[in-house]
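One structure is given below, encoded as structure tokens.
None of the figures in this text is laboratory data; all of them are computed from the coordinates on show. These figures come from a predicted structure and were not determined experimentally. Counting neighbours? That spans all protein chains shown, and the Cβs are built from the backbone with ideal geometry, glycine included.
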Amino acid sequence: MNNVSVIMARGVEGCGVTKYTVEQVKWLRKNGYNVKVYAAKDKNYSRKNAHDLGEFEWFKFAHDEPINKMIDECNNSDVVMINSLPSRDTGRGKGSGAQAVDNWKRALSSIKTPKVLIQHDHTVYSIKRNGALEESIDAADIIFAHATTNDFSQYVKDHTGSGGLATFLGEETKKIFPFQPGIDFDGIRAQYWKPIKEQDPKHHKWIGRTTSWKGYRLMFAWHNMYASQEGWLTTMEGIEKSPAWLGFKVLSEFYDELANQPDDVDLASRYGDKASVFSTFINDELMHRMSKVGFGYQLSILKPKYIERSIEYTHQEVVAAGTVPVFRKEYGDVCVHRVSGDTLTQTPNNGTVWLEEGQDNKEALELVQKLSADNVMRDEYREMAYEFYKTHQDADATFNDLMNTIKENL
């Protein structure tokens, strides 16, 4: 299995699926695989330039000629990995378009190479926005999801009668496996990690998107209750004026810097003041900024059925950039470490500051105060976190697991 085709039928959306494709392709090529990447261009995304994908085929799936070429090339591959599906047209003209979806259905039926479907969406609301969803499930030989208990896994089981439900053949028709979206921890560290004395221990940075499950409510609560009182600086990156902006902007007072770049704003006078909120970012630029702060925040909240072992890329990037990670305790109470077998919060030496929704978080405050005042302690803490999360979700482990599962089950 040396030749791999990777397809992003939804296109370059610039968030988790795009980052996953970057890391996946990088790992595959490092390990001797020949990889060709295809990405749909039918739908435009504001974050499409957030990551450098390198060389890949980017075209409109609504056009027959490039789709025919993709089909031919995929049929000469050993395996086809589908990282995203086209967006279903909701009637408001915001999907991939009917012709793109029809061409994708034609590709699914015309590609005879074994197909692996990797589903990154968590909730049923996101899943139902996928076009040709059932056709893609039917065409897949192996399916991966963040959790075998999440909405997509249940959708597959309901659709196919798999996952332990007997079919008329007495066998499961589809197998669903969990996956973890890994990153090259050592490579990222080599590129961004700064000496501890070059970091600002009073600068706290949250990264995410304008969707409520990314946890910005908790970030505002923490900032207003403690960070501003301690004289610390809070910056937030990744916010854009999507429909959720209306709910975001009433949560707290803040400096609206969505029209400005963080490096162009003088933040020196904002220690102990309101949080400064910035818009979408280029990943490389964000990582350079993150590497200079003392504490990096990723506060996503998901129901337990969506998690299993998987943490998000923004969890990993906070750690790999060299900050002390500040994560949501409710997430760590559920997510199982791939090596220890215990949850993240129950595994010792995790190097993480844990915040909890609706609590006073005084233990977290006391820990952050100590770490802010002691460079040696903070350096030890971030090194501890680095080793902990590297063993949990480094690309060498997670993508190797993925490929071994594919080889064993095709």
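Would you pull out the residues with amide H under 5 Å of residue 39's amide H, same chain only if 5 or more places away, H placed 1.01 Å from N?
Distant-sequence amide H within range of residue 39: 8, 57, 58, 59.
Counting Lys +1, Arg +1, Asp -1, Glu -1, what net charge surrounds residue 304 among other residues with beta carbon under 11 Å of its beta carbon?
-1
Using a Förster distance of 56 Å, how high is the FRET efficiency between residue 105 and residue 271, based on the Cβ-Cβ distance and rounded to 0.05?
E(calc), rounded to 0.05, equals 0.50.
Assign one of three labels to the range 185-393, namely rounded, prolate or oblate, based on the Cα gyration tensor with a ≥ b ≥ c the square roots of its eigenvalues; rounded applies when a/c is under 1.5, prolate when it is not and a/b is larger than b/c, and oblate otherwise.
rounded
Tally Lys and Arg at +1 and Asp and Glu at -1 over the other residues with C-beta under 13 Å from the C-beta of residue 2: what net charge comes out?
Value of the local net charge: +2.
In nm, to one decimal, how far is the residue 78 label point from the residue 34 one, both placed 7 Å along Cα→Cβ?
1.1
Under a 5 Å amide H to amide H cut-off, with H placed in plane at 1.01 Å, what residues pair with residue 255 once short-range neighbours are removed?
For residue 255, the qualifying residues are 275, 276, 277.
How much mean residue ellipticity at 222 nm does the chain get from its helices, if each DSSP H run of length 4 or more adds -39500 (n - 2.57) and you divide by all residues, to the nearest 500 deg cm²/dmol?
-10500 deg cm²/dmol
Of the cross-linked pairs 19/175; 19/60; 128/175; 115/174; 60/128; 157/305, which ones have a Cα-Cα span greater than 18 Å in the structure shown?
Over 18 Å Cα-Cα: 19/175; 19/60; 128/175; 60/128.
Along the Cα→Cβ direction, 7 angstrom out, place labels at residue 383 and residue 363. What is the inter-label distance in nm?
It works out to 2.5 nm between the two label points.
What full-extension length gain, to one decimal in nm, is calculated for residue 376 and residue 261 as 0.36 nm per residue of separation minus the Cα-Cα distance?
38.2 nm
Around residue 136, under 10 Å between beta carbons, what's the net of Lys plus Arg minus Asp minus Glu among the other residues?
Taking every other residue near residue 136 into account, the sum is -1.
In straight Cα distance, which lysines are under 23 Å from residue 202, not counting same-chain residues fewer than 8 positions off?
Partners within reach: 194, 214, 274, 292, 329, 362, 370.
HN-Hα J couplings of the range 241-256 from phi, Karplus 6.51/-1.76/1.60, θ = phi - 60°, integer Hz, Gly and Pro as x?
Rounded to whole hertz, the list is 7, 7, x, 6, 4, 4, x, 5, 6, 9, 6, 6, 6, 7, 7, 7.
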